[in-house]
Amino acid sequence: MDLLCKICSWPACLLARLPGIGPIVKMCFTSIGQKILMALTGLALVGFLVTHLAGNLLLFKGEEQFNTYAENLHSLGGALVVAEVGLFGAFAVHMCLAISTTAMSRRARKSSYAEQQSKRDDVILGGGGASRFMLITGVLIGAFLVLHVADMKFNLRDKLGITQFEHGDEESGNLYLHVRQVLRDPVTRVVYLVALLGLGIHLSHGISSAAQTLGLHHRRWNVLIRGGGMLLAWAIALGFLSIWVLGFLK
Ligand code: HEM
């Protein structure tokens, strides 16, 4: 864990030496700075998930609507590339901070227990709730993302001869048919099911925890914040799972 932490913090160490942004980067090395950055990147990723889900639900509308949406998205050109760089940056920062804050709280076990107590949610998962599964579900989502982006964006498994999807290449590409084929693949079915359930669990703690870190915390409203976070989390996860079901339909 400590070695992973050192590797992840290497880019930040370099940035900390730069004049201008150095002090801000140094603030991010503190435990509270890391928690704030984790909450901000986490909520940004939730924003991405909501728009990604809305776009992908067009798969239910049929080939024409979904492909038109994909074409419109790709026609954004440079703006899309900037958004993609930001998105992958947010994923990378969020994952590195998860490793770093876990290592930090393991080192300071006592204070970690006190903190967990205030953020536990036992509503769906008893005895500590989803908070106990943040790291493992995060790893599952990360593993899913590698397969997902490799298939959907780069058609990599096909290029390596592992699968035979017919519609993945850019020229003869039909994204609708490609997605339908990927969803039918047996490996996809298992990995997506496990990861999307993991996503529901991860977000059901993550959303309210991020809100709390950013100061949305009041005895009167906490139940509402947790309930709202959980509702949004499972709406996102079940939304994606409804698309996963497409893999079993004709
Ligand atoms: C069954 C559910 C899902 C389907 C059908 C789906 C579909 C797609 C498609 C078609 C693309 C390629 C977009 C393009 O090239 O224009 C894509 C990209 C991507 N998806 Fe998903 N997705 C699903 C779930 C998820 C989830 C749950 C996450 C995150 C946890 C996710 C993260 C991403 C990312 C990061 C990209 C790359 C974005 C980019 O570079 O533009 N997807 N997805």
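The values are calculated or read from the model by the stated rules, or taken from the named source; none is laboratory data. In this text the structure is predicted, and so the values were computed from the model without any measurement. FYI the Cβ positions are ideal-geometry reconstructions off the backbone, even for glycines, and counts take in every protein chain you see.
Summary table
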{"read-out": "Whichever residue in the range 186-205 is within 12 Å of the ligand (Cβ to nearest atom) and in contact (Cβ under 8 Å) with a residue 60 or more places away in the chain and, among such residues, is surrounded by the most Cβ atoms within 10 Å (Cβ to Cβ)", "value": "Leu203"}
{"read-out": "Single condition Glu64 does not satisfy, out of (1) within 20 Å of Val182 (Cβ to Cβ); (2) surrounded by 12 or more Cβ atoms within 10 Å (Cβ to Cβ); (3) more than 10 Å from the ligand (Cβ to nearest atom)", "value": "(2)"}
{"read-out": "Residue ID - nearest to the chain's Cα centre (by Cα), chosen from residues in the range 27-85 that are over 18 Å from Met134 (Cα atoms) and of a type in the set (Ser, Thr, Tyr)", "value": "Thr51"}
{"read-out": "Number of the exception - Ile32 against (1) over 18 Å from Cys96 (Cβ atoms); (2) surrounded by fewer than 11 Cβ atoms within 10 Å (Cβ to Cβ)", "value": "(1)"}
{"read-out": "Condition check for Ile236: more than 19 Å from Phe60 (Cβ to Cβ), surrounded by 15 or more Cβ atoms within 10 Å (Cβ to Cβ) and of a type in the set (Val, Ile, Thr)", "value": "no"}
{"read-out": "Where Phe144 falls short, out of the listed (1) buried (at least 17 other Cβ atoms within 10 Å of the Cβ); (2) over 26 Å from Ile7 (Cβ atoms); (3) at pLDDT 95 or above", "value": "(2)"}
{"read-out": "Qualifying residues in the range 71-94 (those that are exposed (fewer than 11 other Cβ atoms within 10 Å of the Cβ) and assigned to a loop (DSSP other than H, G, I, E, B)) - the one nearest to the ligand (Cβ to nearest atom)", "value": "Ser75"}
{"read-out": "Scan of the range 24-51 for residues that are free of Cβ contacts under 8 Å to residues at least 12 places away in the same chain and not in a helix (DSSP H, G or I), ordered by number", "value": "Thr30"}
{"read-out": "Candidate set: the range 221-233, residues that are surrounded by fewer than 16 Cβ atoms within 10 Å (Cβ to Cβ) and of a type in the set (Gly, Ala, Ser); chosen: the one farthest from the ligand (Cβ to nearest atom)", "value": "Gly227"}
{"read-out": "Test: residue in the range 151-164 that is acidic (Asp, Glu), more than 22 Å from the chain's Cα centre (by Cα), more than 12 Å from the ligand (Cβ to nearest atom) and surrounded by fewer than 18 Cβ atoms within 10 Å (Cβ to Cβ)", "value": "no"}
{"read-out": "Cross-chain or 6+ apart pairs with Cβ under 6 Å, the range 230-250 first and in contact (Cβ under 8 Å) with a residue 60 or more places away in the chain, then more than 8 Å from the ligand (Cβ to nearest atom) and assigned to a helix (DSSP H, G or I)", "value": "Met230/Ser204; Leu232/Ile207; Gly247/Arg184; Gly247/Arg189"}
